[in-house]
Structures are given as structure tokens and as C-alpha cells.
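Report on one structure; see the data block that follows.
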Amino acid sequence: MNNSIFKEMEYNTITPMMQQYLSIKFQHKEQLLFYRMGDFYELFFEDAIIAAPILDIALTKRGQQDGQNIPMCGVPFHAAEIYLQKLIKKGFSVAICEQLETPQEAKKRSYKAVVRREVVRIITPGTLMEDVLLSPKSNNYLAAITNFKDNIAVAWVEISTGEFSVSSINESAISALLSNLSPQEVIVDDMLLKDEQIRNTLSVLNFVTPKPHSLFDLKRTQARLLNFFKINSLTGFDHFTQQEIAAAGCLLEYIQYTQKHSLPYLSKLKRINQDKFLLIDAMTKKHLEIEKNTLGGKNNSLLEVLDKTVTATGGRLLSRQLNFPLIDEKTINQRLNAVEVFFNNEELRGSLRKIMSNFPDVERALSRIYSRRCAPKDLNAVKEGILVSNQIAELLQCSKEDLNDYLESQLPQLALFYDLVDQLKEALNPELPVNIKDGGYIRPGYSPQLDNLINFKNNINLKIDELRDQYRFETGINNLKIQRNNVIGYFVEVTSLNNNKINSEKFIHRQSLGNVTRYITEDLKKLESELLVCDEKVLQLETSIFEELCELVIAKADSIVLSAVTIARLDFLASMAELAKQNNYVKPTVDSGENFIIKEGRHPVVELLMPKGEFTTNNCILEANNNFWLITGPNMAGKSTFLRQNAIIAIMAQIGSFVPADEAHIGIVDKIFSRIGSGDNIASGQSTFMVEMLETAYILNNATKNSLVILDEIGRGTSTYDGLSIAWSVIEYLHNINQSKVLFATHYHELNSLEETLSRLWCYNVLVQEWDGKTVFLHKVAKGRANKSYGIHVAELSGMPKEVIKRAYEILRQLSQ
């Protein structure tokens with residue numbers, strides 16, 4: 001907004017209401033301001049010009065400033081979430097300015113007083129809490145990044161669930177961590193933006209907000225954390241580094257700034273050691289289509305195939321597990337053994353999943369209750385969630401002999417809360433309104449005082465009905481009505497044909513419309529006044545009861561969250577078993593050895609896109625003496641699918657999932673790297689070949705002996721001899737220096753000779769059958785070397801003109817001679 005509109009000298013030319021607006025807007029220049037006026041949120045000046053086309057609403061005007069019309073648009077307050085969603089998706093943040101008193105209350109202060117207003121919340125992409133603004137099975141992270149003496153820390157929070165974590169990482173791992181979190185908003189120490197690599201990493205994110213380095217001051221941020229959690233020392237949580245405290249504390253300050261006086265529930269700050277998880281960099285996630293397909297959608301992604309969860313909390317947990325696979329042998333096998341229990345017990349699995357399917361999103365409901373931004377449905381969600389938790393506890397208790405120790409250990413975490421759920425059942429009506437101010441959510445019989453007020457209110461309504469009957473008798477107008485609207489209040493309405501029958505002075509004319517005339521009377525106004533007072537008392541008492549119920553829930557918040565997290569865990573494990581049953585997966589053997597053995601492995605996504613049984617399975621046996629496969633063969637023969645499926649099988653095993661194979665023995669992988677496909681990075685001015693080299697350099701600089709590396713067609717983006725030389729050198733480096741497990745696909749048949757000089761490198765090829773002048777790709781990987789590329793055959797399959805194909809074969813024969 002143009003700063004000139006904030007000048008003091010101009011305040012005399014605009015209304016007091018607009019002066020108030022400008023004063024509030026001056027403090028929120030970075031946000032669009034939703035300014036509450038009655039039943040609408042209004043936007044003015046540049047805010048209106050920006051918002052109107054995005055919201056698809058009319059741009060109008062209200063008053064003038066310096067002789068110019070003031071642009072204005074508005075949205076109904078009851079539908080605000082729909083409009084907010086559109087603005088947030090476009091990357092805007094919105095300041096919500098509410099009325100803190102009614103016009104009547106303002107007039108009691110002064111006849112010309114402007115209604116008090118205040119910004120009660122700033123909505124940003126990373127601070128969403130409403131269901132309509134969030135995806136049920138997706139996490140919505142807000143992150144903060146800072147450094148201290150070259151040590152970088154990333155803190156992240158999900159304010160709709162309370163998850164609050166921090167981690168220290170090296171600069172090369174920032175991209176991978178941010179890719180795993182996919183934060184919707186990032187607060188970054190502006191000192192870090194001097195680093196080109198970090199700037200490039202952050203450039204792909206949607207909503208990055210630089211903040212002064214002073215906001216990350218250690219004393220300031222530590223005090224913020226101590227005050228919020230009401231503790232004297234953070235060591236009771238964990239031993240945090242200085243940069244971790246700075247990142248987490250700055251994140252908390254930003255939450256307090258955006259949420260104002262209504263702070264969300266946050267769990268105790270948890271320190272996450274990234275060395276305990278399988279590292280998958282951003283490009284590898286993209287190549288393997290872990291969460292999204294190549295077009296950015298979720299269809300045909302690994303996540304879509306694996307997701308058999310029946311709860312929102314379970315779905316979000318699955319997403320986290322996929323982004324943070326484990327490398328701890330004990331924990332992985334603990335999960336696999338739990339999945340096996342559900343896999344082998346169909347009755348228990350089915351019963352548990354049926355019960356869990358009724359589990360509401362308690363985490364998000366509780367967070368809204370905690371922040372006092374809740375609706376009656378949120379209390380009801382907690383009630384229903386506790387009931388489901390109790391049912392699950394009873395089911396598992398009755399099935400204890402079928403559980404292993406790990407599953408049995410989950411039972412104490414399913415808190416029962418019989419007293420709380422009984423009170424919520426007694427208090428809440430079965431049918432609930434959308435908003436607290438709508439009233440009618442407290443069940444009759446719960447509060448005698450409320451019942452008396454409602455009975456009194458009902459008696460007034462009966463008196464209004466009696467008054468209507470009296471007026472009908474007095475006037476002889478049988479269709480006389482008593483109705484109400486927000487402008488006049490209660491009124492007597494008669495048709496124009498009967499208007500001449502109203503001759504008593506008690507009927508005071510208020511409004512004439514086309515077919516009806518409206519009147520008020522002193523008796524009706526008296527009853528209306530009594531009714532308004534009663535309505536206000538009913539709403540005040542209902543609100544008070546509602547707040548008391550919220551406090552009861554908040555007092556149990558930690559235990560309720562623990563139950564929700566436990567149910568998410570059970571949902572994840574049972575869903576993995578259901579997935580394995582449906583898709584014929586097997587339990588892998590996972591240990592800390594060097595072997596990576598997959599027998600008759602399948603790609604979990606590709607096989608579902610084909611008729612059942614038609615996917616060609618393949619073995620992949622990487623052992624200490626042959627952990628480098630050099631794979632040759634034509635395009636379209638299945639090399640890339642083979643590479644991807646083995647990386648995906650490793651990820652699945654290390655999240656605790658069964659895998660698509662007849663047999664699998666996974667030596668735990670610490671990092672997975674891939675270089676598959678090609679693409680320019682136009683924004684950074686990088687060619688396809690440069691992108692390929694950057695990705696390959698990253699792999700060579702970071703892969704370890706325990707890493708799995710899949711590479712496809714290294715060196716193809718340059719001349720033949722340059723490309724061959726680069727591929728040759730990369731193979732030698734991976735074999736001799738990194739010593740990783742490697743699947744390397746190539747068209748350079750000359751590389752097959754490396755089998756004689758590199759001890760752990762074995763040559764494999766994708767089988768092709770030639771018969772009766774036809775070429776058939778068998779999609780089978782076998783020991784040996786390919787002697788043809790079949791590139792012209794692939795061109796023929798693409799539908800290229802026959803003349804081009806014929807000429808290509810002629811040229812090939814000439815070159816071969």
C-alpha cells in the first residue's frame with residue numbers, strides 16, 4: 001500500500017472509521033487486512049484491488065480520499081474460510097481484524113464512538129488450523145533456519161497438531177531435510193541468505209520470510225522457550241545446541257506474533273538426530289516419485305499406493321515415515337514384527353481398522369480447543385475420539401495373547417478418560433451448530449440454570465404467538481403474521497389487501513413493500529426486549545459452559561495427544577499389513593550386514609498399472625564381492641524401472657513395510673542417491689548436462705559404503721567420447737572410493753570391459769529376443785552384456801515415419817562397416 005495514505009495530515013479528510021482502518025493497516029503492511037464490519041470482512045485500497053480478482057468478487061468503492069474513490073471489496077464473515085483458502089494458495093498472508101464490541105456498546109462510550117477493533121490473528125501458509133484450509137493426511141509445517149559458528153539448525157512446527165522439533169545439520173543436508181518436511185512457510189535468518197547455496201535451496205520454496213539476525217539472539221530465544229513451557233531449563237527436554245535454541249525460539253516468537261493471544265498446543269520441543277534416518281535428497285525423491293508424480297500430483301506416487309490408513313493422523317504419520325525411513329535395525333524390526341502380527345491375524349486387523357475408521361482428527365481439534373479457536377464440533381471430535389480410543393483399548397486387551405511385546409506396550413498409552421467422556425456426552429447435543437455464537441449445543445438437563453433460561457425464552461415465544469392470535473382476533477385478519485429480521489426486529493405483517501383493517505393506534509407503521517405492510521407495537525417491542533435479554537443470557541451461559549468443557553479437555557491435553565499418536569501408530573502398522581495382504585508383499589529380513597538381495601522383485605506402483613500378473617519380476621543380488629551392477633540394454637526395456645524398484649524396496653523395508661518380492665534381505669542403507677532422467681534448470685541458467693553433472697558430483701561427494709546409488713545414462717548430455725570418459729571415471733570412483741552398492745545403467749557398451757579390472761563390478765543386461773524379424777523386449781535383467789542398443793527399433797515403436805526408420809537402418813549399416 002502506498003505509504004502516503006498513512007500521513008497524519010490526511011486523517012481530517014476521511015471518516016473516523018477509515019482513520020481506524022488506516023491506523024490498523026499501518027501496523028500490518030505486509031498482510032492483506034480483513035477488516036470486520038458487521039457481517040462482512042471488508043478490504044480497502046490496494047488490498048481490495050489485489051484480492052477482488054483472486055476471490056472472484058466485485059470491486060466497489062466506499063468514500064473518498066484526496067478526492068479519489070476508495071476501492072473496496074468484501075466477503076461474508078461466515079464464509080471467510082473459503083476466501084482465505086484462495087488467498088493463502090496464492091501465497092498471501094491475511095490479518096484478521098475483529099470487532100471487540102457491538103455498535104450498541106460503542107455508543108454507550110460515546111454517541112460518535114467507532115467500534116473497537118483489533119487484529120486477533122495473522123493467517124499465513126504455515127500457521128493454518130482450520131480443516132477447510134488443510135489437507136487431512138498432509139502435514140503443514142512452518143520452519144525456521146539459522147546458524148551459529150557455521151552450525152546450521154532447522155526448527156519446524158505443525159501448529160494444527162502441536163508437533164515441535166529441531167535438528168542440527170550440515171549445509172549439504174539442508175535441501176534433503178527441507179524436501180522431507182515440505183514446509184509451507186520458512187522463516188530464515190537473513191545472515192544465512194548471504195550463502196549462495198542456501199539461497200538456491202530456498203529458492204524452490206513457496207513462502208520464505210527473511211528475519212533480522214537479532215531475532216535469533218540466544219538469550220532472547222531461550223527466554224521465549226522457557227516462558228512458553230513454564231520451565232527453568234531446557235535440559236529437561238534435551239541437550240540443545242545454541243543454534244537449535246535460536247531456531248526454535250524464533251519460530252515460537254513468530255507463532256506468538258501471528259496467533260496473538262490465542263496460542264496453540266505445542267508438544268515438548270524434540271531434538272531430531274538426522275543421523276538416525278535414511279537420507280533421501282530432494283532430487284532422488286523426485287526421481288523415485290515418493291510423494292508426488294513427475295507432474296506434481298499424488299496419483300501413481302509411492303505414497304498413494306502405500307496409503308491404506310483409515311485415519312487422518314495415520315495418514316500424516318505414513319507421510320512422515322516415508323520422508324524419514326529408519327536406519328536402526330532394532331526399531332525397523334520392531335515395526336516389521338508388529339506388522340506381521342496384523343498380517344497373520346485378519347480378524348484382529350479387520351476389527352481394529354473398522355473401529356479406527358471412526359476416529360476423528362483429534363490432534364487438530366485439540367489444537368483449536370487449546371487456542372480457543374474451536375467450534376462445538378471440536379469438543380465433539382475429542383469426545384468421539386476418546387470413545388474410539390476406549391474401544392481400541394478394549395479390543396487389544398481382549399486380544400493380548402495375539403499381540404507381541406511392542407503392541408502390548410501401546411495399551412497404557414490409550415488413556416480411557418471415562419469421566420471426561422461421560423461429561424462431554426452429558427453436556428453436548430447430538431446435533432451441533434457450526435459456530436459457538438449460534439448456540440443450542442448444550443444438551444437439556446445438563447445445566448438447570450440454562451434450562452430455566454431456555455424455558456423462560458420459550459414462554460416468551462409462546463406469548464408472541466398468543467399476541468399474534470390476539471391481533472388476528474382484533475383485526476379480523478386471519479393471515480396476519482409476526483415475523484423478525486435483522487433490520488426491524490420483530491414486526492406485525494399484513495398483506496396490502498388487508499391494510500385498511502389496521503385502524504388501531506397501537507399499530508405503528510414501519511415499512512411498506514410491494515405486497516405487504518409492516519407494523520410494530522409496544523407489546524411486541526416489550527416481548528422482543530425480554531427475548532433479546534434472555535437470548536444474551538442463554539448465549540453467555542452456554543459459552544461459559546463451553547469454555548469450562550474446553551478447560552477440562554485442555555487439562556488432559558498431553559494424554560489425549562498421546563492416545564491420538566498411539567492410534568496413528570496402530571493405524572500405520574495395520575495399514576502396512578493390509579497393504580501387504582492386498583498386494584502380495586513379503587516380510588523382508590533387515591539387518592546391519594552388507595547384502596542387498598531381492599528375489600523376484602516388483603515395482604509397487606508400476607505393477608498396479610498393469611494387468612495382474614503381467615509385471616516382469618527381477619532379482620537384484622548385491623553382495624560384498626559383487627555390489628556394483630553395470631546394466632546395458634535398450635531404452636524401453638525396463639532398466640529405469642528396475643533401478644527405481646530396488647531403491648523403493650529399500651525405502652519400504654526401512655519404514656517397516658513388507659515389500660513387493662518373493663524374498664528380500666536388506667542390509668540397512670544409510671543414504672539413497674539417484675540420477676535418472678534429465679531436465680534443464682532454466683531459472684538457474686543450467687543446461688541439462690550441467691544439472692546432470694551437479695547431481696553426480698553431489699552423489700560422489702556424499703555416498704558412503706552403506707549407500708545405495710542408482711544411476712542411469714551418465715554422460716549422455718555431451719559428446720560421445722566426453723560422455724564415455726566421464727561415465728568411466730565416475731564408475732571407477734564409486735567402485736574404489738565410495739564403495740557403495742551401485743546399479744549403473746548405460747548405453748556405453750565399452751564400459752563392459754571394466755568387469756575385467758574392477759573386482760566387485762559385474763555386467764548385466766536386459767534381455768531382448770529377436771524372432772522372425774521382430775524384436776521383443778523381455779524386461780528381464782540377466783548376467784551378461786548387451787551387444788546392441790536397439791535404438792532404431794524404439795524409434796519405430798514411437799511411430800516415427802517409415803522413411804526415417806528405413807534411412808536410419810541404412811546409415812547404421814554404413815557406420816557399422
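The values are calculated or read from the model by the stated rules, or taken from the named source; none is laboratory data. Just so you know, these numbers come straight off a predicted model, no measurement behind them. FYI the Cβ positions are ideal-geometry reconstructions off the backbone, even for glycines, and counts take in every protein chain you see.
When you go through (1) touching a residue at least 60 places away in the same chain (Cβ under 8 Å); (2) surrounded by fewer than 21 Cβ atoms within 10 Å (Cβ to Cβ); (3) part of a loop (DSSP other than H, G, I, E, B) one by one for residue 265, which number turns out not to apply? In the conditions (1) touching a residue at least 60 places away in the same chain (Cβ under 8 Å); (2) surrounded by fewer than 21 Cβ atoms within 10 Å (Cβ to Cβ); (3) part of a loop (DSSP other than H, G, I, E, B), residue 265 misses (2) alone. Checked against (1) crowded, with 16+ Cβ neighbours inside 10 Å; (2) part of a helix (DSSP H, G or I); (3) touching a helix residue (DSSP H, G or I) at 6+ places or on another chain (Cβ under 8 Å), residue 471 meets all criteria but (3).
Conditions tested, residue by residue: (1) more than 27 Å from residue 733 (Cβ to Cβ); (2) touching a Lys or Arg at 6+ places or on another chain (Cβ under 6 Å); (3) touching a residue at least 12 places away in the same chain (Cβ under 8 Å).
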residue: 615; (1), (2), (3): yes, yes, yes
residue: 627; (1), (2), (3): no, yes, yes
residue: 630; (1), (2), (3): no, no, yes
residue: 640; (1), (2), (3): no, no, yes
residue: 645; (1), (2), (3): no, no, yes
residue: 652; (1), (2), (3): yes, no, yes
residue: 660; (1), (2), (3): yes, yes, yes
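Here is a list: 235, 221. Which entry is buried (at least 18 other Cβ atoms within 10 Å of the Cβ) and free of Cβ contacts under 8 Å to residues at least 40 places away in the same chain? Being buried (at least 18 other Cβ atoms within 10 Å of the Cβ) and free of Cβ contacts under 8 Å to residues at least 40 places away in the same chain holds for just one of 235, 221, which is 221.
Residues of segment 619-629 that are part of a loop (DSSP other than H, G, I, E, B) and either surrounded by fewer than 16 Cβ atoms within 10 Å (Cβ to Cβ) or outside the structural domain of residue 651 (by TED's automatic domain parsing) (or both): 624, 625.
For segment 268-284, a residue qualifies if it is loosely packed, with under 15 Cβ neighbours inside 10 Å and under 21 Å from the mean Cα position of the chain (by Cα), and the qualifying residues are 268, 270.
Can we say residue 179 is part of a strand (DSSP E or B) and in contact with a strand residue (DSSP E or B) (Cβ under 9 Å, 6 or more places away or on another chain)? When the stated conditions are applied, residue 179 does not pass them.
Residues in segment 122-173 that are surrounded by 20 or more Cβ atoms within 10 Å (Cβ to Cβ), without any contact (Cβ under 8 Å) to a residue 60 or more places away in the chain and not in a strand (DSSP E or B): 128, 140, 141.
Can you confirm whether segment 227-244 contains a residue that is farther than 25 Å from residue 120 by Cβ and in a strand (DSSP E or B)? No.
Would you confirm whether any residue within segment 84-94 is surrounded by fewer than 20 Cβ atoms within 10 Å (Cβ to Cβ), touching a helix residue (DSSP H, G or I) at 6+ places or on another chain (Cβ under 8 Å) and of a type in the set (Lys, Arg)? Checking segment 84-94: at least one residue is surrounded by fewer than 20 Cβ atoms within 10 Å (Cβ to Cβ), touching a helix residue (DSSP H, G or I) at 6+ places or on another chain (Cβ under 8 Å) and of a type in the set (Lys, Arg). Scanning segment 385-401 for residues that are small (Gly, Ala, Ser) and within 11 Å of residue 416 (Cβ to Cβ) yields 389, 393.
Would a scan of segment 480-490 turn up a residue that is touching a residue at least 24 places away in the same chain (Cβ under 8 Å) and either part of a helix (DSSP H, G or I) or assigned by TED's automatic domain parsing to the domain that holds residue 382 (or both)? Within segment 480-490 (the criterion being touching a residue at least 24 places away in the same chain (Cβ under 8 Å) and either part of a helix (DSSP H, G or I) or assigned by TED's automatic domain parsing to the domain that holds residue 382 (or both)), the answer is no, since none of the residues qualifies. For segment 710-723, the candidate set comprises residues that are in contact with a helix residue (DSSP H, G or I) (Cβ under 6 Å, 6 or more places away or on another chain) and not in a loop (DSSP other than H, G, I, E, B); within that set, the residue that is farthest from residue 174 (Cα to Cα) is 712.
The conditions of being in a loop (DSSP other than H, G, I, E, B), surrounded by fewer than 22 Cβ atoms within 10 Å (Cβ to Cβ) and among the hydroxyl-bearing types (Ser, Thr, Tyr) are met by residue 616.
To keep it simple, each residue is scored yes or no on (1) free of Cβ contacts under 8 Å to residues at least 12 places away in the same chain; (2) farther than 28 Å from residue 305 by Cα; (3) surrounded by 16 or more Cβ atoms within 10 Å (Cβ to Cβ); (4) among the acidic types (Asp, Glu).
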site: 534; (1), (2), (3), (4): no, yes, yes, no
site: 542; (1), (2), (3), (4): no, yes, yes, yes
site: 552; (1), (2), (3), (4): no, yes, yes, no
site: 566; (1), (2), (3), (4): no, no, yes, no
site: 573; (1), (2), (3), (4): no, no, yes, no
site: 577; (1), (2), (3), (4): no, no, yes, no
site: 593; (1), (2), (3), (4): no, yes, no, no
site: 596; (1), (2), (3), (4): no, no, yes, no
site: 611; (1), (2), (3), (4): yes, no, no, no
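Residue check: is residue 606 more than 30 Å from residue 229 (Cα to Cα) and within 28 Å of the chain's Cα centre (by Cα)? In short, yes.
State whether one or more residues within segment 370-387 are within 29 Å of the chain's Cα centre (by Cα), assigned to a helix (DSSP H, G or I), without any contact (Cβ under 8 Å) to a residue 24 or more places away in the chain and in the same structural domain as residue 578 (by TED's automatic domain parsing).
yes
Residues that are among the aromatic types (Phe, Trp, Tyr) and under 25 Å from residue 280 (Cα atoms): does segment 703-723 have at least one? Scanning segment 703-723, I find no residue that is among the aromatic types (Phe, Trp, Tyr) and under 25 Å from residue 280 (Cα atoms), so the answer is no. Per the conditions (1) more than 30 Å from residue 372 (Cβ to Cβ); (2) at pLDDT 95 or above; (3) in a helix (DSSP H, G or I), the sole criterion not satisfied by residue 498 is (2). Residues in segment 568-591 that are part of a helix (DSSP H, G or I) and either within 11 Å of residue 415 (Cα to Cα) or among the polar types (S, T, N, Q) (or both): 575, 582, 583. Looking at this structure, is residue 115 crowded, with 16+ Cβ neighbours inside 10 Å and part of a strand (DSSP E or B)? Here the answer is no, as residue 115 does not meet what is asked.
Conditions (1) hydrophobic (A, V, I, L, M, F, W, C); (2) modelled with pLDDT under 95, marked per residue:
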{"position": "273", "(1), (2)": "no, yes"}
{"position": "276", "(1), (2)": "no, yes"}
{"position": "294", "(1), (2)": "no, yes"}
{"position": "308", "(1), (2)": "no, no"}
{"position": "314", "(1), (2)": "no, no"}
{"position": "318", "(1), (2)": "yes, no"}
{"position": "325", "(1), (2)": "no, no"}
{"position": "346", "(1), (2)": "no, no"}
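Only residues that are of a type in the set (A, V, I, L, M), under 28 Å from residue 668 (Cβ atoms) and not in a strand (DSSP E or B) were counted in segment 735-762, giving 3. Within this structure, residue 601 fails the test of being at pLDDT below 95 and crowded, with 16+ Cβ neighbours inside 10 Å. Taking the condition out of contact with any Phe, Trp or Tyr (no Cβ under 8 Å at 6 or more places or on another chain) and touching a residue at least 60 places away in the same chain (Cβ under 8 Å), does residue 583 pass? When the stated conditions are applied, residue 583 passes them.
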